[in-house]
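The values are calculated or read from the model by the stated rules, or taken from the named source; none is laboratory data. Everything quoted here is computed from the prediction, not taken from an experiment. In this analysis, Cβ positions are derived from the backbone assuming ideal geometry, glycine residues included, and neighbour counts consider all displayed protein chains.
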Amino acid sequence: MEIPRPDEPLHRVTIPEALAGRRLDLALARLLPDYSRARIQAWIRAGRVRVGGAPRRPRDPVRAGERVEVRAEAPAPLEDRPQALDLEILHEDDHLLAVNKPPGLVVHPGAGNREGTLLNALLHHVPGASRLPRAGLVHRLDKDTSGVLVVAKTPAAHTRLVAALQARQIRREYLALVLGEVIAGGTVEAPVGRHPVHRTRMAVVPGGRPAVTHYRVSRRLGALTLLRVRLETGRTHQIRVHMAHIGHPVAGDPVYGGRSRLPRGLDARARAALAAWRRQALHARRLELAHPVTGRPLCWEVQPPADFAALLETLDSPHRADLDPA
């Protein structure tokens, strides 16, 4: 058994009649909803859970009246440096905050980006964020993708928001400017995984993780189309991979084909604007969820940043037949 740290909480629960006969991990997930079932399973295997003073396996059934002790493992504090960076906060309460991430801001530190990230900013802004998984980050946006991100401020909020994301209860809608004329909306249901040759890229591959992307036409811009895209799942680079997979890569995307060629039929002004565009034209426009503590419905919506809006205006000038203005 691991040696507990002084800051690790000890939970004592009694199995109620309603949970008699259930697996130990399932029963504890019901009795300790601030923790995920996966974390509880890990603690059981590590000897952090005792039923009547004895260890058990996750699948072992429990009996009504049994007393269970759970030594919760506190996450190791993050070593990244807090930084006082500007954040555009859309909402904040004791449990979560929503921010509007600008393009160019890295979400999580990595090789070559140890500072100046959203995580560094959260460590400064949120007391205790260093003891939350990834400083409370529930999901990510690529460096050059802008828009709404939700961040947990407490362990309970983080667990519940991650569970809601996995259960597809958080609705995320994006604006994506793609190459080509998309005739109608549709759904891409294709598994996404690591590219078999180019390991820094993702791809539609057999055996990848299930991924579902819904899209509809928002505005036709001649040789390009502005789409409203809704994620049902949240795989790495999912929109970029799926749009490239159906032959309409996101404009400006340097990885999945959106920058390698300019579509035909562009006037000189539009061609110059696209040639100068240096990132994927992707924006997390809207996010809806139920508050992890109160259950109150929350929704945040942000317009594209100035550079994206200017690009759309340039492309739109010869085409004023909006279908559904974004």
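Summary table
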| item | result |
| --- | --- |
| Strands (runs of 3 or more DSSP E) completely within region 60-115 that count 2 or more residues being more than 20 Å from the chain's Cα centre (by Cα) and among the charged types (D, E, K, R) | 67-71 |
| Any chance residue 137 is touching a helix residue (DSSP H, G or I) at 6+ places or on another chain (Cβ under 9 Å), touching a residue at least 60 places away in the same chain (Cβ under 8 Å) and not assigned by TED's automatic domain parsing to the domain that holds residue 31 | no |
| Inter-residue pairs, beta-carbon under 8 Å, first among the basic types (Lys, Arg) and in region 77-105, second part of a strand (DSSP E or B), 6+ apart | 101/146; 101/147; 101/148; 101/149; 101/284 |
| Test: residue 34 is under 29 Å from residue 296 (Cα atoms), acidic (Asp, Glu), part of a loop (DSSP other than H, G, I, E, B) and modelled with pLDDT under 90 | yes |
| In region 141-170, the residues that are modelled with pLDDT of 90 or more and closer than 13 Å to residue 233 by Cα | 164, 165, 168, 169, 170 |
| Filter result for the condition that a residue is crowded, with 20+ Cβ neighbours inside 10 Å and over 15 Å from residue 101 (Cβ atoms), over 168, 160, 131 | 160 |
| Tabulated pairs, region 152-176, first more than 28 Å from residue 279 (Cβ to Cβ), second among the aliphatic types (A, V, I, L, M) and assigned to a helix (DSSP H, G or I), C-beta under 8 angstrom, 6+ apart or interchain | 153/129 |
| Some residue of region 71-93 being among the acidic types (Asp, Glu), at pLDDT 95 or above and over 22 Å from residue 307 (Cβ atoms) | yes |
